[in-house]
Amino acid sequence: MQTKSIQAVMIGFIAFLILVIGVLGVRVYKQQQFKQALIDQNNPLITDETLETDELIEETTESSESEENETSLTQIDLYAAFVNVHLEHDSISTVKTLWEDLENLVTLADEYDVKLTLHFSVGWAEYAIANEEILTQVRSWESNGHELGMHHHGLSHGTWDGYSNNEIAKKRPTYVGTMDELAEIMNQLPTSGQMLSSSMTDEETDWVEGFLYQTVNEGSGTSPTADDMISTPETITLNGQETTNIGKMGYAIDHLEVQLTLKDIQSKIENAETGQILGIVFNDDTLKNHLDEAEGLFQLFQELEINVMTASNILETYTY
Ligand SMILES: [Zn+2]
């Protein structure tokens with residue numbers, strides 16, 4: 001009885017050993033087959049001697065993941081982007097009405113870490129300067145990284161703001177003052193006492209000393225094109241002052257002939273060359289009617305990891 005039990009145990013043990021050897025054998029065989037299959041694919045990551053099968057599986061998985069990333073994410077060479085807000089030449093009542101929309105835009109920009117280049121027309125600047133609370137608010141935007149600059153409609157513009165250095169302008173009944181007089185008002189906005197960037201018409205006569213950077217587009221008034229949004233900085237002389245220009249194009253502004261889509265902007269970003277800059281313009285219309293589209297743009301910048309700086313910060317740090 002005891003001998004039979006020992007025999008049974010031994011048979012069981014031998015059967016177990018055969019089973020273990022069998023399972024191991026099949027596993028090793030499968031590993032060898034798998035290795036060979038990978039080597040046959042000429043995968044450069046794999047050498048027969050150095051990598052175990054488990055490592056091979058990991059490497060292969062990582063390799064296919066990175067290939068996927070390469071196809072879905074395009075290499076972006078764009079240096080930076082700026083969003084230039086034209087606060088248009090408006091009556092004081094319009095400025096009051098739109099102020100909350102401007103606040104909402106700044107709040108939205110802060111959520112996406114977008115630094116705005118805010119260009120004030122004279123009415124907007126005067127409204128802020130005349131209200132201590134508003135001036136404090138504007139300067140808090142500035143200390144938070146947004147830029148305070150000037151927007152000017154010269155004599156040639158359909159809605160002239162009344163300021164000009166043009167001799168002809170001085171004879172007009174709507175003439176208000178020289179550009180130095182306008183700059184004196186505008187420079188009360190930034191804490192430094194000196195704005196650095198401006199967008200304007202009639203810059204040949206009206207560019208003011210102390211301003212260093214101009215945001216521009218080639219097309220007049222309503223007809224800038226998508227090409228205007230990508231540029232490399234260009235140093236020129238305006239009204240005797242050395243100035244650096246960077247390009248821009250309007251987005252979410254109804255009156256423009258060319259209406260950009262986010263796809264247009266994405267394509268321009270992805271095709272930009274090293275050192276190029278993207279410039280987008282918003283204006284009153286964007287504030288009033290298209291805040292959701294502004295957010296769509298900010299989301300695109302976030303997805304593509306675009307550095308959105310102010311025009312002046314871009315040009316101060318530009319190294320190309
Ligand atoms: Zn304007």
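Each reported figure results from applying straightforward, stated rules to the coordinates on display, with no laboratory input. Given the structure is predicted, the values throughout are model-derived calculations rather than measurements. A quick note on method: Cβ atoms are made from the backbone with ideal geometry, for glycine too, and the neighbour counts reach across all protein chains shown.
Take the Cα pairs of the range 114-240, get the Kirkwood Rh, then feed it into Stokes-Einstein at 25 °C and 0.890 mPa s and tell me D in µm²/s. Can you show the working numbers first?
On the way: Rh = 15.5 Å.
In µm²/s, the coefficient rounds to 158.
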* Round to a whole angstrom and tell me the spacing of the C-alpha centers of the range 239-287 and the range 153-219. => 21 Å
* Structure fact -> Between Asp110 and Thr159, the two model label points (7 Å from Cα along the beta-carbon direction) sit apart by a distance in nm of 2.7 nm
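If R₀ is 41 angstrom, what is the calculated FRET efficiency for the pair Gln302 and Glu209, using the beta carbon separation as r and rounding to 0.05? Please list the in-between numbers first.
On the way: r = 38 Å, r/R0 = 0.93.
Calculated value: 0.60.
If you scale each eigenvalue of the Cα gyration tensor by 5 and take the root, what three semi-axes come out for the range 80-317, rounded to whole angstrom and sorted largest first? All intermediate terms of the calculation are to be shown ahead of the outcome.
On the way: eigenvalues 137, 84, 59 Å².
Over the Cα atoms of the range 80-317, the ellipsoid semi-axes are 26, 20, 17 Å.
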* So who's got an amide H within less than 5 Å of the one on Leu260, skipping anything under 5 residues away but keeping other chains? H placed 1.01 Å off N, in plane. -> Ala252
* Asked: For Ser143 and Glu184 in one chain, what is 0.36 nm times their gap in residues minus the Cα-Cα distance, to one decimal in nm?
  -> 12.7 nm
* Relative contact order, percent, the range 153-262 [alpha-carbon distance under 8 Å, six or more residues apart] -> 19 percent
* How much length is gained on full extension from Ile236 to Asn271, taking 0.36 nm per residue of separation minus their Cα-Cα distance? -> 10.0 nm
